[in-house]
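Okay, so here's the structure we're looking at.
The values are calculated or read from the model by the stated rules, or taken from the named source; none is laboratory data. Please read all numbers here as calculations on a predicted model, not as lab measurements. Don't worry about glycine lacking a Cβ; one is built from the backbone with ideal geometry, like all the others, and counts go over all protein chains shown. In case anyone asks, the SASA skips ligands and DNA or RNA and just uses the protein heavy atoms, side chains included. Shrake-Rupley method; radii C 1.70, N 1.55, O 1.52, S 1.80 Å.
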Amino acid sequence: MKWLEDEIVDMPETEIIEENIYIDEELLKNKSLIRVDMNAIQYPLFSKNPKRKVNQIVKYFFNQKRDMYINVVPMNGNYIPGELEEKIFIALMKLMKKKGMQRRFIVTANELKNELSMNTKDYVKRVKEALIRLASTNYEFKNTLYSNKEKSLLTKEVHTTIMSLEILKLEDKKNRLLKEKISDKRIKEAYEISVSDYFYDNLVSKGYLVYDSDTLLTIDNGTSRTLYMLIEKLRFNELYLKVDILFLIKRIPLKYDKKNIARTIQTIGKSLEELKEKKLIKSFNFIKDTTWEKSEVEIFFSEINLILKQDRFFTDLNDFKRMTTSLSISDMEHESVIEDLLEKKEEITLDVINEIMINLPSSARKLKTMPKTIKDSIEFYGVEKVLLAVQYLKKQKNLKSPRAYFLKSLENNWFDGEILEMNILKKENKKEEVLSETLEDKKKEKELYQKFEKLPLNIQNGVEGYVYREYIELCGIETKIQQLAFMGSRKKLICDYLEKYPNILRDIEKIEEENKSIAKIDEGAMIERENLKKYIDEYMELYRELMRIENDNIENTKKKIILECMDYFINKNLTLEKLKEIIKQNLL
């Protein structure tokens with residue numbers, strides 16, 4: 001692990017295009033959700049060193065060969081970005097979303113002050129300096145910059161800033177229209193932000209994670225904030241994370257000194273304690289087998305942390321879709337990305353969700369969150385990709401977290417190259433499915449259902465109850481979605497069940513025929529020995545057939561019924577009404 005090291009080097013008129021960039025805030029379900037570029041999460045783009053020096057270059061190496069690194073070079077006479085710049089960056093991401101997720105947008109120091117809840121009088125000066133620092137710091141990435149467009153780390157050397165900045169003086173005549181839009185006349189200048197291409201490409205596609213900006217900004221300690229963002233990426237959708245201490249120290253980054261490593265670990269411990277107090281993690285535990293340098297930390301998350309994480313992602317995604325469909329932006333740089341998202345919209349019915357649920361492995365069907373996960377995944381990836389992911393999931397064995405694996409396979413296209421075998425929901429097959437339902441099939445279904453309707457009401461209820469239970473077993477979960485879907489397909493499911501088990505109707509017809517004599521018996525009349533045996537046998541046989549109960553269990557229940565009937569029968573007090581009562585008591 002010695003190759004994870006840092007190297008510090010000490011060095012001696014604007015055209016405004018009017019565009020409808022603001023959107024109705026009612027379109028946003030959660031205005032505090034922001035997208036953070038993957039590189040800003042996993043790399044130390046913002047220093048945690050409170051004693052940064054002017055003109056100090058910091059170079060982070062990530063392998064032993066020293067050919068994987070990030071070189072952070074400040075503007076001459078300035079510092080590299082730190083704590084304040086990170087907060088400004090988070091606030092900018094929030095304002096960027098409010099202004100329509102365009103690459104270029106305009107902000108004021110007052111807007112940033114409000115987002116950061118700054119109460120210092122010199123906020124204009126501090127905000128401006130931080131923006132200049134963000135725009136002027138150059139990042140040199142070598143084999144480290146993640147690009148979602150390429151679906152991997154770029155192997156070439158890339159020099160880029162996080163953003164560019166143009167300061168707009170409102171007193172200038174060319175900025176007159178902009179000045180008119182700003183109600184606070186004390187504001188003297190505004191800032192046009194332009195997010196760099198590499199970072200923006202990730203933000204509008206899939207090279208980002210979603211965080212709640214309010215949560216990030218209420219984490220007072222910068223180390224705690226960075227640690228939270230990093231572990232949220234590392235754990236994906238798991239409720240448990242185990243990671244090397246040295247890895248965290250280098251990625252945050254914190255001061256690393258072999259002699260004082262215990263002190264650095266104390267810093268991590270305090271940060272984890274803060275996250276625990278804010279309920280962002282459930283608990284944590286340091287594991288030290290030999291030395292602190294080789295130690296690990298295990299972090300536990302609660303179920304609510306997982307639910308909130310997924311909710312953030314899909315809420316942000318839906319906000320993004322609403323923005324791209326409601327705005328008329330002529331210079332959207334990533335129209336192809338937007339069109340791709342919109343093309344994926346499918347009609348997501350309960351039948352579609354349940355068809356997919358039935359095809360999931362049993363371990364996944366049992367998860368209460370799976371129906372919503374399926375629905376949200378279809379909205380984002382489309383039906384065909386979701387089906388491929390389900391098909392791929394079924395081939396895996398001994399999965400501990402099927403839902404997390406399912407989402408990860410969608411995110412990384414693990415099923416790439418697979419041929420879709422589950423064609424039940426593919427658009428091109430919908431017409432074929434309708435045509436395949438012949439008049440003969442409809443006639444057969446109608447006849448089956450007519451026979452079902454002629455059955456006694458208690459038998460109908462028994463059959464329907466078993467059909468429902470079998471349906472729920474296939475779904476692996478019972479929620480309102482499954483209940484509504486069952487009611488919508490009730491008739492077909494019952495007919496399918498009766499066709500699958502034709503003996504049910506034949507046996508019932510036989511029972512009805514054989515018991516005509518019993519049916520003629522008055523409810524209050526005494527039961528003869530021959531009818532008693534026939535009635536109990538046929539009733540229990542029907543119950544066994546419908547409920548699929550083992551013979552041993554049926555025989556035991558029958559013995560109990562007979563024992564209870566004995567005294568009544570011998571004393572000639574056993575009526576049909578009393579017999580029904582005894583049978584029901586033993587079956588319920």
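At an R0 of 51 angstrom, the distance between the Cβ atoms of K188 and D257 translates into a FRET efficiency of 0.65. Do any of K559/K584; K99/K185; K233/K394; K151/K400 go past 19 Å between their Cα atoms, and which? Those over the limit are K99/K185; K233/K394; K151/K400. Kindly report, to the nearest 10 Å², the accessible surface of E274 as traced by a 1.4 Å probe over protein heavy atoms only. For E274, the solvent-accessible surface is approximately 40 Å².
Modelled spin labels at E166 and E129, positioned 7 Å past Cα toward Cβ, are 2.7 nm from each other. With a ≥ b ≥ c taken as the square roots of the eigenvalues of the C-alpha gyration tensor of the stretch 49-95, please select rounded if a/c is under 1.5 and otherwise prolate if a/b is larger than b/c or oblate if it is not? Taking the square roots of the gyration eigenvalues as a ≥ b ≥ c, the stretch 49-95 is oblate. Whole-Hz Karplus values for the stretch 369-376 come out as 7, 5, x, 5, 4, 4, 4, 5 Hz, taken residue by residue from phi with 6.51 cos²θ - 1.76 cosθ + 1.60 and θ = phi - 60°; glycine and proline positions read x. Heavy-atom accessible surface of R403, to the nearest 10 Å², is about 30 Å², with a 1.4 Å probe and all protein chains retained.
Under 5 Å between amide hydrogens, built in the peptide plane, is the criterion, and for R103 it picks out E333 among residues at least 5 positions away or on other chains.
So for each of 572-578, 536-542 I average, over its residues, the number of other beta carbons within 10 Å; can you give me the resulting order with the highest mean first? Display every interim value, and only then the final one.
Numbers: 572-578: 15.0, 536-542: 17.1.
Per-residue mean Cβ counts within 10 Å order the peptides as 536-542, 572-578.
Near the amide H of S205, within less than 5 Å, lie no amide hydrogens of residues on another chain or at least 5 residues away, with H placed in the peptide plane. Placing dummy labels 7 Å off each Cα toward the beta-carbon, the span from I304 to N63 is 4.3 nm.
Applying 1/(1 + (r/R0)^6) with R0 = 60 Å to the Cβ-Cβ distance of S196 and D496, what FRET efficiency is obtained, to the nearest 0.05?
Values: r = 57 Å, r/R0 = 0.96.
According to the calculation, E is roughly 0.55.
Sort K580, K533, K255 from largest to smallest accessible area, using a 1.4 Å probe on the heavy atoms of the protein chains.
Details: K580 70, K533 135, K255 165 Å².
Putting K580, K533, K255 in descending order of accessible area: K255, K533, K580.
In this view, the solvent-accessible surface of K99, computed with a 1.4 Å probe and all protein chains in place, comes to about 10 Å².
Each Lys and Arg adds +1 at its Cβ and each Asp and Glu adds -1 at its Cβ; summed about the Cα centre, the stretch 23-171 shows a dipole of about 280 debye. Computed over the alpha-carbon pairs of the stretch 92-249, the distance histogram in 5 Å steps reads 1, 7, 13, 16, 20, 17, 11, 8, 4, 2, 1, 0 percent, short to long.
Remark: the stretch 194-199, residue by residue, has Karplus-estimated 3J(HN,Hα) of 10, 5, 4, 4, 4, 6 Hz, where x stands for each Gly or Pro and the curve is 6.51 cos²θ - 1.76 cosθ + 1.60 at θ = phi - 60°. Which residue, N237, L275, Y200, has the largest displacement toward the positive end of the dipole of the stretch 187-301 when charges sit on each Cβ (Lys, Arg +1; Asp, Glu -1)? So the residue furthest toward the plus end is L275. Note on L153 and K173: their simple-model spin labels are 5.4 nm apart, each label 7 Å out from Cα toward Cβ.
Assuming R0 = 51 Å, what is the FRET efficiency of D122 and E418, from their Cβ-Cβ distance, to the nearest 0.05?
Details: r = 59 Å, r/R0 = 1.16.
With a Förster radius of 51 Å, E is 0.30.
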